[in-house]
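Report on the structure given below.
Please treat every number below as a calculation from the coordinates, not as lab data. In this text, all values refer to a predicted model and were calculated from it rather than measured experimentally. Please note: Cβ atoms are built from the backbone with ideal geometry, for glycine as well, and neighbour counts cover all protein chains shown.
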Amino acid sequence: MQIKTLTVGALQANCYIINQEDSTKALLLDPGAEPDRIIAYLEDQGLEVEAILLTHGHCDHIGALEAIRDYSQASVYIHPADQDYLLSPEKNLSGLGFASQVLTCRPAEETYQEGKTYHLADFSFEVFHTPGHTPGGVSLYFEEEGVLFSGDTLFRHSIGRTDLIGGDTATILKSIIQKLFALPENTRVFPGHMGETTIAEEKNHNPFFQLPN
């Protein structure tokens, strides 16, 4: 698995482009901003986007969505509970000052099913519904590669914000403990913001999960 991280936009969100080393088929996760930069990488590497995978519907993760879907003609995937975030500037936060312009996108062509294994671009991955940051937040687990894309659910030594529309602290903690922390400890975690971590690192050192002495 080749993983390219493009940190984009004012809120420094991570857009991921992944492909198998012997394949030109790619998956593109969370095109948050800077579509020209994303397209330039795809063309430089000779990659064809087979699907656009969204971890949730906030503006810093979908700001370049329309440009990338027009360029690639790839289908967009989102959890059904976040489908309306693509249509609502209030819910996707672009209408509340979190983006330079109000953002409205077309509905996603596909919606994730909890626990389903998807086969796209020479990869197999499972979708975990991990609400708490948004009602339809998901994490994408590539078991064969030992890789998790956690969106804005789990960060290195932190968790996603829960004070925004649709957020809930108890829900995000439950999502992480019951679903993400059940994964092998050596699983590499690629979050929606900041750098890579592992499940073991977060179990042992994330302050949101440490018991007081």
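Within the range 103-125, the set of residues being under 26 Å from Met1 (Cα atoms) and charged (D, E, K, R) comprises Glu109, Glu110, Glu114, Lys116, Asp122. Do you know which residues across the range 177-213 are assigned to a loop (DSSP other than H, G, I, E, B), free of Cβ contacts under 8 Å to residues at least 12 places away in the same chain and under 20 Å from the mean Cα position of the chain (by Cα)? Ala182 - this is the single residue of the range 177-213 that is assigned to a loop (DSSP other than H, G, I, E, B), free of Cβ contacts under 8 Å to residues at least 12 places away in the same chain and under 20 Å from the mean Cα position of the chain (by Cα). Any residue at all in the range 121-141 that is surrounded by 16 or more Cβ atoms within 10 Å (Cβ to Cβ), of a type in the set (Gly, Ala, Ser), part of a strand (DSSP E or B) and in contact (Cβ under 8 Å) with a residue 24 or more places away in the chain? There is at least one residue in the range 121-141 that is surrounded by 16 or more Cβ atoms within 10 Å (Cβ to Cβ), of a type in the set (Gly, Ala, Ser), part of a strand (DSSP E or B) and in contact (Cβ under 8 Å) with a residue 24 or more places away in the chain.
A residue that is in contact with a strand residue (DSSP E or B) (Cβ under 6 Å, 6 or more places away or on another chain) and over 16 Å from Pro31 (Cα atoms) can be found somewhere in the range 80-96.
Elements of the type helices (runs of 4 or more DSSP H) sitting completely within the range 7-74 and holding at least 2 residues that are buried (at least 24 other Cβ atoms within 10 Å of the Cβ): these cover 59-62.
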